[in-house]
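Novice: This is the structure I have questions about; it appears just below.
Just so you know, all these numbers are worked out from the coordinates, no wet-lab data involved. Keep in mind it's a predicted model, so treat the numbers as computed, not measured. We place every Cβ from the backbone using ideal geometry, glycine too, and count neighbours over all the protein chains shown.
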């Protein structure tokens with residue numbers, strides 16, 4: 001029951017965080033404009049580095065260690081305070097580094113200071129503890145409450161570009177308050193610490209070992225925006241931010257299959273290798289089935305969607321989003337092969353190497369592409385780096401699985417996606433620019449995609465039980 005409850009809590013929260021940007025993004029695009037959105041994206045990307053180095057992998061490491069000790073209250077108490085104080089110390093060092101940084105840079109000081117509250121907030125982030133004891137409810141409800149307060153505050157207090165600092169403060173302070181309100185919940189699980197036995201250093205190296213892949217992952221999240229802001233302009237960073245935000249919303253739907261991880265791990269632990277591979281084949285087929293229309297569909301409707309959603313001031317987002325839409329498919333594949341197969345089958349090295357390769361590729365090709373093409377170059381670099389990650393993961397499992405089974409219906413999904421893209425693009429030229437027209441195009445695209453799959457007899461339409469096979473595991 002706990003697994004089902006945690007799954008439902010997370011499913012609810014994922015839907016919620018998917019809806020919030022659809023409400024705030026068009027509003028902020030209108031009131032802050034490209035420059036305001038860009039300044040926030042650029043300064044926040046810089047702050048994320050200090051948060052990252054202050055955290056040193058504690059979220060992953062702390063989660064795991066708390067899970068190990070949760071049945072022993074005394075050890076649980078000591079482990080919590082050891083890890084919490086370690087993070088507090090490393091965050092303090094990150095704050096000192098930020099002060100040095102602030103003395104060096106010569107612009108956006110007030111925005112950096114407002115964003116810096118998030119660095120302080122990270123020292124008090126103990127969500128890893130509650131995830132370790134599998135109390136997802138408290139973190140989900142906390143995040144829901146804080147995000148609702150922040151959402152209301154944005155609409156009440158942010159009315160123009162001049163309120164950019166207010167917007168940043170709302171986000172930073174809400175993060176700090178959200179972390180602080182978790183502390184009263186600790187009393188149920190831990191006691192007062194024995195300070196004479198505090199030993200933060202024994203957790204340092206294990207935490208750092210999990211920190212390395214997080215550094216590489218962070219390249220995808222913020223380095224693009226930082227480089228654009230520094231090498232081109234904050235507006236360019238803002239344009240990429242808006243495109244990236246939309247792509248991530250789509251990916252939130254596509255990559256919900258992480259719920260499969262414990263089931264694959266359980267089957268692997270029992271030595272049921274055939275079952276593990278069947279999970280992989282079915283999940284891979286499903287995400288390809290879902291990702292293909294989302295990728296081609298977003299590419300087709302972007303010219304109409306951008307001015308409606310962001311206003312005409314963000315037309316520069318159109319080519320960026322069209323190109324970046326391509327990452328939907330490789331990221332979906334990487335999620336299945338990496339998160340749903342490599343990790344639960346204890347092939348951590350292959351997963352970590354794939355992420356590092358992607359980060360290196362992203363960094364190396366970003367520089368010349370940004371210089372020559374600006375934000376469009378960043379979109380191209382993102383696509384290439386994600387393809388590199390997925391390609392390495394596929395190569396690392398080539399001796400373990402049958403590619404013929406993995407890609408059995410790929411050409412059918414690709415054909416249906418291309419036909420859908422052509423049809424939607426045709427109707428996009430005919431229909432006027434309105435939300436109703438956009439909805440009509442999406443509906444036409446979905447119908448065409450399914451009809452083509454039906455005509456060419458895609459097996460997934462006749463095997464619904466393989467798509468939702470994990471439901472039986474919940475019973």
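Novice: Rank the residues 341, 279, 392, 189 as a footprinting-exposure proxy: fewest other Cβ atoms within 10 Å of their Cβ go first.
Specialist: 189, 392, 279, 341
Novice: Under a crude label model (7 Å from the Cα following the beta-carbon direction), how far is residue 372 from residue 253 in nanometres?
Specialist: 3.5
Novice: Can I ask one more? Give me Rg over Rh for region 334-375, both radii from the alpha carbons and Rh done the Kirkwood way, two decimal places.
Specialist: When Rh is taken as the Kirkwood radius, the ratio is 1.21.
Novice: Averaging the inverse of every distinct alpha carbon separation and then flipping it gives the Kirkwood radius. What is it for region 228-474, in angstrom units?
Specialist: Computed over Cα pairs of region 228-474, the Kirkwood hydrodynamic radius comes out at 19.3 Å.
Novice: Fewest to most neighbouring Cβ within 10 Å: what's the order for 69, 441?
Specialist: With the sparsest Cβ surroundings first, the list reads 69, 441.
Novice: Using all C-alpha to C-alpha distances in region 307-360, build P(r) with 10 Å bins and read off the rounded percent in each one.
Specialist: All Cα pairs considered, the percentages come to 21, 33, 21, 18, 6.
Novice: If you don't mind, there's one more thing I want to ask. I'm a student and want to see the number: the projected area of the Cα convex hull of region 2-199, averaged over all directions, in nm².
Specialist: On the way: hull surface 47.8 nm².
The orientation-averaged projected area of the Cα hull of region 2-199 comes to 12.0 nm².
Novice: Quick one: if you stick a label point 7 Å off each Cα along the C-beta vector at residue 191 and residue 349, how many nm between them?
Specialist: 4.3
Novice: A further question on this structure: Debye sum, Cα scatterers, region 61-143, no solvent: what log₁₀ I/I(0) at q = 0.15, 0.17, 0.18, 0.20 1/Å?
Specialist: Calculated log10 I(q)/I(0) at the listed q: -0.65, -0.76, -0.81, -0.90.
Novice: Can you give the FRET efficiency for residue 165 and residue 19, using 1/(1 + (r/R0)^6), R0 = 30 Å, r = Cβ-Cβ distance, to the nearest 0.05?
Specialist: 0.70
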